[in-house]
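The structure appears right after this line, and notes come after that.
Throughout, read-outs are computed from the coordinates displayed, never taken from laboratory work. Model, not experiment: these values are computed from the prediction. Counting neighbours? That spans all protein chains shown, and the Cβs are built from the backbone with ideal geometry, glycine included.
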Amino acid sequence: MSEFKQFTTLEQWRDAPEEFKEACRKIVISHAINELYGSRVYDEPAIAMAPNPYAKWQVCRVVMEEYGHHYRFFELGREMGIKEPLMLPDQTEKQPLNIMNYEMKTWEEFCVIKMLGDLAEIILVEDLVQCSFHPLRNLARMTMPEEHFHAEFGENFTTDICNTDEGKELIQNHINNIFPIIPHMFGKSRSKNNQIYRKWGIKKCTNEEMRADYLKRAGSVVAKLGLTLPIIDVNAF
Ligand SMILES: [Fe+2]
Ligand SMILES: [Fe+2]
């Protein structure tokens, strides 16, 4: 039995305390915005960059799923009474995550973004699979296998590129540039929002714990390729 009160339906959620409701809205809005923004700036353009029909086919699956993630969060948000523009990146003031500011120009960068960026997404979603707001928990459980596919997609194609010395050097350079932006995705340490999420059983980990988990897991992913992560200052968050 969970120590937190569970809200199993939207009807129960509607009668919940405002602090809890607002916390749920924030998470749904953030996912809706970032899934759509990421689909537009990375996944969809990568179809044109993919080097062969097999790669294009696989990217198309990723694109379909990422737009699907946005759509599912957007639909849940609508059912929660969130105004549509608040969940659409070009109609809201809320900025997407800063990883989205990285200007991707090549297929190899896309593979690194999927390998390391979607691993961060997995950790963020994992934290929601026990969420006390069940419609959100169900969404997290539904998207989880797809995020695993995206990270594996990145790992597989990156592994192929690393078969040559030049490829390996290229990937290491992209890791050096892309990796340092990603740990920001977990939010600030000692975050007030995160404290509220944990108080209500919406999330279970602190931002610091998720970031530490990410650094460990990202480290072992790149180690398999015989590569390394650049040193970052974990106290800077
Ligand atoms: Fe996604
Ligand atoms: Fe993804």
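Some points to look at:
- What you get for the chain, charging only the Cβ of Lys and Arg (+1) and of Asp and Glu (-1), is a dipole of about 780 debye around the Cα centre.
- Pair residue 78, residue 199: separation of 7 Å Cα→Cβ label points (nm): 3.2 nm
- Selection from 122, 49, 92, by position along the positive dipole direction of segment 42-142 (Cβ): 122
- The length gained on full extension between residue 11 and residue 177, counted as 0.36 nm times the residue separation minus their Cα-Cα distance, comes to 55.2 nm.
- If only the Cβ of Lys and Arg carry +1 and only the Cβ of Asp and Glu carry -1, the dipole of segment 98-237 around its Cα centre is close to 980 debye.
- Cβ charges +1 (Lys, Arg) and -1 (Asp, Glu), total dipole of segment 1-128, debye: 220 debye
- With K and R counted +1 and D and E -1, the other residues having a Cβ less than 13 Å from that of residue 66 yield a net charge of -4.
- At least 15 Å along the helix axis (C-alpha) and Kyte average at least -0.5, DSSP helices within the chain: 18-38
- Distance in nm between pseudo-label sites at residue 189 and residue 166 (7 Å out along the Cβ direction from Cα): 4.2 nm
- Pair residue 209, residue 58: separation of 7 Å Cα→Cβ label points (nm): 3.4 nm
- FRET efficiency, residue 94 to residue 126 (Cβ-Cβ, R0 25 Å, nearest 0.05): 0.60
- Extended-chain gain in nm, criterion 0.36 nm per residue less alpha-carbon gap, residue 235 and residue 25: 72.7 nm
- Pairs exceeding a 31 Å alpha-carbon distance, out of 56/188; 26/224; 114/204; 21/216; 105/203; 168/216: 56/188; 26/224; 21/216; 105/203.
- Built amide H within the under 5 Å cut-off of residue 7, gap 5+: 133, 134
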